[in-house]
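Everything on this sheet refers to the single structure shown next.
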2 protein chains.
Amino acid sequence: MKNMTQEPRNILSQHKVSITNPRIIVLDTLLDFGNPITVEELQSKLKGKVAKSTLYRVLNDLKKINILNEFTSPDNAVVVELILEEDSHHHHLFCSDCGEVIDVELSDEFEMMLVKEMEKVQKELHFEIKDHRVEMFGLCTDECSNCE
Amino acid sequence: MKNMTQEPRNILSQHKVSITNPRIIVLDTLLDFGNPITVEELQSKLKGKVAKSTLYRVLNDLKKINILNEFTSPDNAVVVELILEEDSHHHHLFCSDCGEVIDVELSDEFEMMLVKEMEKVQKELHFEIKDHRVEMFGLCTDECSNCE
DNA sequence: ACAATAAATGAGAATAAGTCTCATTTATTT
DNA sequence: AAATAAATGAGACTTATTCTCATTTATTGT
């Protein structure tokens, strides 16, 4: 059963942006897919439903209200992921073969150590670090149906 | 004084690829700049010296022989960096203001812990992890002449 | 050192991702 | 329900990257 906060209309109204059909459709598609998705794949899922220009505008809108995370895969494809309230801090694992992107949660112990490392870097380089990302690359071996 | 291994001609012959002018010029420029650089900036440095199409081909050649690392900045600009033998494993720090990319070395202690985390992930997700990357984002405060 | 062969280059055409424009439609506010 | 403001669709436009092909440059065998 879907959480209330996962309803597109609720998400939009919670963030005080107007509720429109394209926004609802894009959110629905992202929620439904459930994983990070390339813009390309998202576009093909929305073909005939939402105009290309509108898709890009909606993605920008979602970024502005901080519910969309954008990054690039190792082959420079832009990947997009909803930031849901129930999600915890996580990182990404990329399959070099099928291109799948998987969420990975690392231990609190590790995250604490990373924070300490960043504090060191901040002091040494006079840099104010706001965010970080850990990316892992490899091959999803047996499990994956897309890989050969 | 430049290390022998840093001479473009040596780098190319060590990797058994033919020694051509554009390759030498691109390597020279990258060595000279010394830091990760956006393809855009590299292109402007090479204007009039190396054709655009050749630049992209050379970058691909360098990637093929594994001496060029490619990644994207937070604003999706493609960044390129030579992998030199004398360089140790490192990560990147991005300034959201001026766009500068800085190499950062994290402690061995941290790297060891990250390896352990990845081993856990490998087992849990039946994924063969080949590589990883830690990216940090923020603002290079006082030091930077490009910022504001 | 020199042909012969293979590989790389330059210039610009082609492609594709993302942005922009503007007339029309849809939300929101009163 | 009308007035106002915001969002959309369609396609033109821009820009990064790839491709094509005739020419140039490197490499190899003698």
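Could you please let me know if A:I67 is under 14 Å from the mean Cα position of the chain (by Cα), among the aliphatic types (A, V, I, L, M), more than 8 Å from every other protein chain (Cβ to nearest Cβ) and surrounded by 14 or more Cβ atoms within 10 Å (Cβ to Cβ)? Yes: the conditions hold for A:I67.
Scan segment B:75-98 for residues that are within 15 Å of DNA strand D (Cβ to nearest atom) and open to solvent by 40 Å² or more (accessible area, probe 1.4 Å) and jot them down. Matches in segment B:75-98: B:D75, B:N76, B:V78. Picking from residues in segment A:40-62 that are more than 8 Å from DNA strand D (Cβ to nearest atom), under 14 Å from A:L82 (Cα atoms) and more than 14 Å from chain B (Cβ to nearest Cβ), the one that is surrounded by the fewest Cβ atoms within 10 Å (Cβ to Cβ) is A:L42. Taking B:K116 as the residue in question, decide whether it is at pLDDT 95 or above, more than 7 Å from chain A (Cβ to nearest Cβ) and under 21 Å from A:E109 (Cβ atoms). Spelling it out, B:K116 is indeed at pLDDT 95 or above, more than 7 Å from chain A (Cβ to nearest Cβ) and under 21 Å from A:E109 (Cβ atoms). Give the residues of segment A:8-39 that are open to solvent by 70 Å² or more (accessible area, probe 1.4 Å) and either at pLDDT below 95 or part of a helix (DSSP H, G or I) (or both), sorted by residue number. Hits for segment A:8-39 are A:R9, A:Q14, A:N21, A:D32, A:F33.
For segment A:77-124, the set of residues classified as of a type outside the set (G, A, S), in contact (Cβ under 8 Å) with a residue 24 or more places away in the chain and assigned to a loop (DSSP other than H, G, I, E, B) consists of A:L84, A:E85, A:E86, A:D97, A:C98, A:E100, A:L106, listed by residue number.
So that you can scan it fast, the table gives a plain yes or no per residue for (1) touching a Ser or Thr at 6+ places or on another chain (Cβ under 8 Å); (2) within 15 Å of DNA strand C (Cβ to nearest atom); (3) not basic (K, R):
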{"position": "A:D61", "(1), (2), (3)": "no, yes, yes"}
{"position": "A:T72", "(1), (2), (3)": "yes, yes, yes"}
{"position": "A:S88", "(1), (2), (3)": "no, no, yes"}
{"position": "A:L93", "(1), (2), (3)": "no, no, yes"}
{"position": "A:K123", "(1), (2), (3)": "no, no, no"}
{"position": "A:M136", "(1), (2), (3)": "no, no, yes"}
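The values are calculated or read from the model by the stated rules, or taken from the named source; none is laboratory data. As the structure is a prediction and not an experimental result, all values here were calculated from the model. Note: ideal-geometry Cβ built from the backbone for every residue, glycine included; neighbour counts use all protein chains shown. SASA here: full protein model, heavy atoms, side chains in, ligands and nucleic acids out. Shrake-Rupley method; radii C 1.70, N 1.55, O 1.52, S 1.80 Å.
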